[in-house]
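> For reference, the structure I am asking about is given below.
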Amino acid sequence: MSMEKFSYDNKIVKYFVIASVVFGIVGMLVGLTIATQLFWPALNMNIPYTTFGRIRPLHTNAVIFAFVGNAIFAGVYYSMQRLLKTRMFSDALSWIHFWGWQLIIVAAAITLPLGLTTTKEYAELEWPIDIAITIIWVVFGINMIGTIIKRRERHMYVAIWFYIATFVTVAVLHVVNSFELPVLAFKSYSLFAGVQDALVQWWYGHNAVAFFLTTPYLGLMYYFLPKAANRPVFSYKLSIIHFWSLIFIYIWAGPHHLLYSALPNWAQTLGTTFSLMLIAPSWGGMLNGLMTLRGAWDRVREDPILKFMVVAVTAYGMSTFEGPMLSLKNFNAITHFTDWIVAHVHIGGLGWNGFLTFGMLYWMVPRMWGTKLYSVKNANLHFWLGTLGIIIYALPLYWGGVVQSLMWKEFTPDGFLMYANFLETVTKILPFYMLRALGGLLYFSGVIIMVFNLLKTVKTGKFIANEEAEAPALEKVRIVGGTFHSALERKPVQFTILALVAILIGGIAEIVPTYLIKSNIPTIASVKPYTPLELQGRDIYIREGCVGCHSQLVRPFRSETERYGEYSKAGEYVYDHPFLWGSRRTGPDLHREGLGNKNAKPNSWHFKHMYDPRITSPGSIMPRYLWLHENTLDISTTAAKISAMRTLGVPYPEGYEEQANIDLQKQADEIAANLNAEEDIETSGDKEIIALIAYLQRLGTDINAEK
């Protein structure tokens with residue numbers, strides 16, 4: 001059998017590694033900043049571009065898509081070439097993918113602090129960047145599928161299965177969740193509204209975690225863990241069960257983020273049911289990873305790479321047990337909207353994604369430079385700093401989450417809320433926020449040690465840009481016998497189609513009925529479209545990232561209806577493009593904030609609160625929004641926004657955009673006159689604060705009108 005000579009492309013891997021490390025440092029620094037802002041609000045610096053609301057999505061995008069994303073591509077490009085015994089399909093496509101992805105990250109870093117955001121969790125980037133993501137993802141897919149087709153290895157190893165599932169599912173998730181109507185160059189409105197938008201978003205959001213933060217990392221685990229341990233994967237059959245059951249079940253679980261919400265009960269029940277089923281395949285994968293180390297446990301004590309990987313796989317197991325538990329309604333009633341969820345997410349992010357990335361980098365870099373790791377001692381120090389950092393980060397937030405929930409729900413013997421002032425629950429957990437920041441600092445310190453260690457490693461070796469290899473050509477021979485799955489592993493196109501079908505079933509079953517069957521979203525006659533001024537105010541609310549700390553969803557619990565007012569109904573959100581239910585309550589829920597509601601506040605309270613929250617709420621950790629009182633409201637966009645909303649089905653009269661600004665100015669002048677009646681307030685109707693007040697005073701008033 002003749003051998004063919006070829007070379008592996010290490011240069012593209014090197015660049016993805018560098019990008020991952022650089023953006024990881026940036027993303028973690030931003031994370032430390034926002035963690036500190038929660039107990040030291042002065043760090044918001046009283047300027048628009050550094051407030052918690054604007055840079056929180058910068059942190060999540062930098063860590064998920066820049067740090068983790070580049071690490072995924074580094075690991076995929078490294079492992080795929082070796083598993084398939086071929087160079088990547090196209091060097092040109094590899095570099096288009098690399099530079100395109102970095103430009104997307106830079107675009108995110110510019111637009112998010114500017115307030116250019118859709119405000120949808122993990123999908124905050126606006127429509128031009130969404131298009132760029134789609135193009136670059138297709139480039140990656142063509143390069144990957146092309147490499148698989150031209151392989152020299154007949155069977156596709158298990159890691160490749162997970163890479164294929166990642167590509168097809170992320171493509172579907174991103175495209176569907178990005179259905180939006182462009183209004184301006186960097187402004188769009190979601191095609192979906194209210195309940196439907198919430199369902200699509202959390203179908204995307206949950207499965208972005210599943211198919212961007214989980215399945216590609218499972219593929220990397222199946223390659224790098226056996227390599228580091230020098231052991232074969234524990235069970236091939238378990239790999240098959242793990243893969244197909246995971247990708248089929250995971251896609252159904254998104255609605256568990258919306259329990260006790262206005263989402264139809266049948267969808268909530270489906271989300272809970274499939275979330276519980278997820279324990280089996282998730283733990284199957286975890287056990288397959290850990291059992292691969294059989295016979296190598298003595299090496300774990302000495303080898304920092306294996307230490308990182310063991311803790312990573314264990315963190316994956318913990319997160320994928322905790323997630324289904326959080327989908328139980330009785331547990332969800334306690335934990336949702338609290339900092340427990342932040343701890344849960346970071347066990348997965350810091351432990352699973354972070355530690356597996358570190359182990360992978362420590363394994364790859366010395367081999368690509370033809371040398372040994374500079375300091376095993378430093379790598380071990382990194383491991384213990386990182387592990388301690390995760391513990392100090394997560395445990396206070398778990399504790400704080402329980403404290404929050406118990407305080408929100410506690411009643412006096414006379415039947416009144418024990419802590420009627422929401423701020424009491426905020427100030428109580430400030431020590432936990434301080435400990436969380438300390439944990440993050442320890443984790444970050446470990447990363448800096450890793451960077452030093454890798455740089456010193458690189459200096460002791462010489463980079464192998466094109467690693468020479470040889471393998472026999474793939475011959476077209478008919479193989480008789482074997483299982484159905486072993487035959488499928490030789491047919492990448494059919495494999496990809498089957499994976500696509502597996503992930504489409506759940507999405508179609510949940511989203512289509514909610515969108516097409518009108519009875520799922522009962523209408524409420526008194527719910528009217530936002531006025532032009534309220535619509536502009538809502539967009540300012542979105543721009544400032546207020547949804548990052550405030551929910552707009554009153555759940556049907558006595559503690560919430562006593563605190564906020566009537567629980568939220570599906571029909572109230574029919575004109576909300578996008579929905580703004582939120583996922584965390586650092587501040588109180590705002591869905592009943594408007595005039596005439598239980599806890600309504602005068603215009604002057606909102607004016608002063610946005611100027612300096614400590615004036616109205618001593619001890620508040622909210623940023624100051626001084627610029628809202630200074631900036632002139634841009635009403636040149638009103639007509640385009642009204643027209644776009646009508647296109648989406650909001651019943652503004654035909655031609656209303658021509659007179660919308662007249663109505664806007666009239667309402668603004670009324671609010672300004674009301675404010676100017678106060679002794680210590682002087683403002684005019686053309687300021688952004690006026691529009692924001694108009695929006696806040698509208699919230700929840702449609703239901704009052706019905707009564």
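> Evaluate segment 290-297: report whether one residue or more is over 30 Å from residue 567 (Cα atoms), of a type in the set (A, V, I, L, M) and touching a residue at least 60 places away in the same chain (Cβ under 8 Å).
First, the residues of segment 290-297 that are over 30 Å from residue 567 (Cα atoms): 290-297.
Narrowing the set further to residues that are of a type in the set (A, V, I, L, M) leaves 290-291, 293, 296.
If we keep only those that are touching a residue at least 60 places away in the same chain (Cβ under 8 Å) too, we end up with 293, 296.
For segment 290-297, residues over 30 Å from residue 567 (Cα atoms), of a type in the set (A, V, I, L, M) and touching a residue at least 60 places away in the same chain (Cβ under 8 Å): present.
> Same structure again: Could you identify the single residue in 698, 624 that is among the charged types (D, E, K, R) and within 30 Å of residue 429 (Cβ to Cβ)?
624
> Name the one entry in 227, 120 that is among the charged types (D, E, K, R), in the same structural domain as residue 84 (by TED's automatic domain parsing), more than 23 Å from residue 100 (Cα to Cα) and touching a residue at least 12 places away in the same chain (Cβ under 8 Å).
Checking each option against the conditions leaves just 227.
> Any residue in segment 140-155 that's more than 19 Å from residue 485 (Cβ to Cβ): show its pairings with residues that are of a type in the set (Val, Ile, Thr) and not in a helix (DSSP H, G or I) at Cβ separation under 7 Å, as long as the two are six or more apart or on different chains.
Cβ pairs passing all conditions: 147/86; 150/86; 152/86.
> Return the only residue of 577, 609 being farther than 13 Å from residue 541 by Cβ, in contact with a helix residue (DSSP H, G or I) (Cβ under 6 Å, 6 or more places away or on another chain) and either of a type in the set (A, V, I, L, M, F, W, C) or modelled with pLDDT of 95 or more (or both). Spell out the reasoning first.
Values: 577 fails: in contact with a helix residue (DSSP H, G or I) (Cβ under 6 Å, 6 or more places away or on another chain).
The conditions single out 609.
> While we're on this one: How many residues does segment 301-356 contain that are in contact with a helix residue (DSSP H, G or I) (Cβ under 6 Å, 6 or more places away or on another chain) and acidic (Asp, Glu)?
Of the residues in segment 301-356, 2 are in contact with a helix residue (DSSP H, G or I) (Cβ under 6 Å, 6 or more places away or on another chain) and acidic (Asp, Glu).
> Name every residue in segment 273-301 that is among the hydroxyl-bearing types (Ser, Thr, Tyr) and crowded, with 21+ Cβ neighbours inside 10 Å, in order of residue number. Break it down into steps so the answer makes sense when it comes.
Here is the first cut: in segment 273-301, the ones among the hydroxyl-bearing types (Ser, Thr, Tyr) are 273, 275, 282, 292.
Across segment 273-301, the qualifying residues are 275, 282, 292.
> Has segment 229-243 got at least one residue that is part of a helix (DSSP H, G or I), touching a helix residue (DSSP H, G or I) at 6+ places or on another chain (Cβ under 7 Å) and over 25 Å from residue 209 (Cβ atoms)?
Checked against the condition, which is being part of a helix (DSSP H, G or I), touching a helix residue (DSSP H, G or I) at 6+ places or on another chain (Cβ under 7 Å) and over 25 Å from residue 209 (Cβ atoms), segment 229-243 yields at least one hit.
Per-residue answers, yes or no, for (1) under 19 Å from residue 348 (Cβ atoms); (2) in a helix (DSSP H, G or I); (3) β-branched (Val, Ile, Thr); (4) assigned by TED's automatic domain parsing to the domain that holds residue 538:
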residue: 174; (1), (2), (3), (4): no, yes, no, no
residue: 181; (1), (2), (3), (4): no, no, no, no
residue: 197; (1), (2), (3), (4): no, yes, no, no
residue: 203; (1), (2), (3), (4): yes, yes, no, no
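> Which number in (1) buried (at least 22 other Cβ atoms within 10 Å of the Cβ); (2) more than 20 Å from residue 698 (Cβ to Cβ); (3) not small (Gly, Ala, Ser) marks the one condition that residue 589 misses?
(2)
> Hey, among 211, 248, 243, which residue is modelled with pLDDT of 95 or more and under 14 Å from the mean Cα position of the chain (by Cα)?
When all the criteria are applied, what remains is 211.
> Of the conditions (1) modelled with pLDDT under 95; (2) surrounded by 14 or more Cβ atoms within 10 Å (Cβ to Cβ), residue 540 satisfies every one except a single condition; which number is it?
Residue 540 satisfies all of (1) modelled with pLDDT under 95; (2) surrounded by 14 or more Cβ atoms within 10 Å (Cβ to Cβ) except (1).
> Now, a different point. Out of (1) under 30 Å from residue 83 (Cβ atoms); (2) not in a helix (DSSP H, G or I), the odd one out for residue 217 is which?
Unmet for residue 217, out of (1) under 30 Å from residue 83 (Cβ atoms); (2) not in a helix (DSSP H, G or I): (2).
> Within segment 619-656, count every residue that is touching a residue at least 24 places away in the same chain (Cβ under 8 Å), part of a loop (DSSP other than H, G, I, E, B), farther than 19 Å from residue 667 by Cα and of a type outside the set (S, T, N, Q).
10
> Now, a different point. If you check residue 266 against the conditions, is it closer than 30 Å to residue 521 by Cβ and in contact with a Leu (Cβ under 7 Å, 6 or more places away or on another chain)?
Working: closer than 30 Å to residue 521 by Cβ: yes; in contact with a Leu (Cβ under 7 Å, 6 or more places away or on another chain): no.
So residue 266 does not fit the description; no.
> Inside segment 76-89, can you point out the residues that are more than 24 Å from residue 66 (Cβ to Cβ) and not charged (D, E, K, R)?
So the first thing to find is which residues in segment 76-89 are more than 24 Å from residue 66 (Cβ to Cβ), and the list is 82-87, 89.
83, 84, 86, 89 - these are the residues of segment 76-89 that are more than 24 Å from residue 66 (Cβ to Cβ) and not charged (D, E, K, R).
> Restricted to segment 676-697, and to residues that are outside any loop (DSSP other than H, G, I, E, B) and among the β-branched types (Val, Ile, Thr), which residue is surrounded by the most Cβ atoms within 10 Å (Cβ to Cβ)? Lay out the reasoning, then the answer.
Initially, segment 676-697 is screened for residues outside any loop (DSSP other than H, G, I, E, B), giving 676, 687-697.
Okay, now just the ones that are also among the β-branched types (Val, Ile, Thr), so 689-690, 693.
Numbers: 689: 26, 690: 27, 693: 30.
Across segment 676-697, the extreme among qualifying residues is 693.
> Could I ask something else about it? I'd like the full set of residues that are surrounded by 17 or more Cβ atoms within 10 Å (Cβ to Cβ) and β-branched (Val, Ile, Thr), limited to segment 646-675.
650, 671
> Residues 109, 132: which one is more than 17 Å from the chain's Cα centre (by Cα), assigned by TED's automatic domain parsing to the domain that holds residue 27 and within 30 Å of residue 257 (Cβ to Cβ)? Give the steps one after another, and end with the answer.
Numbers: 109 fails: more than 17 Å from the chain's Cα centre (by Cα).
Answer to the selection: 132.
> For segment 596-613, does any single residue satisfy the condition of being touching a Leu at 6+ places or on another chain (Cβ under 6 Å), outside any helix (DSSP H, G or I) and surrounded by fewer than 21 Cβ atoms within 10 Å (Cβ to Cβ)?
The answer is no; no qualifying residue exists.
> Now a separate question. Residue 497: under 30 Å from the mean Cα position of the chain (by Cα), closer than 30 Å to residue 698 by Cβ and either in a loop (DSSP other than H, G, I, E, B) or at pLDDT 90 or above (or both), yes or no?
Against the criterion (under 30 Å from the mean Cα position of the chain (by Cα), closer than 30 Å to residue 698 by Cβ and either in a loop (DSSP other than H, G, I, E, B) or at pLDDT 90 or above (or both)), residue 497 does not qualify.
> Are any residues in segment 162-186 more than 17 Å from residue 511 (Cβ to Cβ), surrounded by fewer than 24 Cβ atoms within 10 Å (Cβ to Cβ) and either small (Gly, Ala, Ser) or in contact with an Asp or Glu (Cβ under 8 Å, 6 or more places away or on another chain) (or both), and if so, which ones?
185, 186, listed by residue number.
> Counting only residues that are of a type in the set (S, T, N, Q) and more than 18 Å from residue 166 (Cα to Cα), which one in segment 62-91 is farthest from the chain's Cα centre (by Cα)?
Residues of segment 62-91 that are of a type in the set (S, T, N, Q), as a first pass: 70, 79, 81, 86, 90.
Filter again for more than 18 Å from residue 166 (Cα to Cα), leaving 86, 90.
Details: 86: 34, 90: 31 Å.
By that ranking, first place goes to 86.
The values are calculated or read from the model by the stated rules, or taken from the named source; none is laboratory data. As the structure is a prediction and not an experimental result, all values here were calculated from the model. Glycine also receives a Cβ, built like all others from the backbone with ideal geometry; neighbour counts cover every protein chain displayed.
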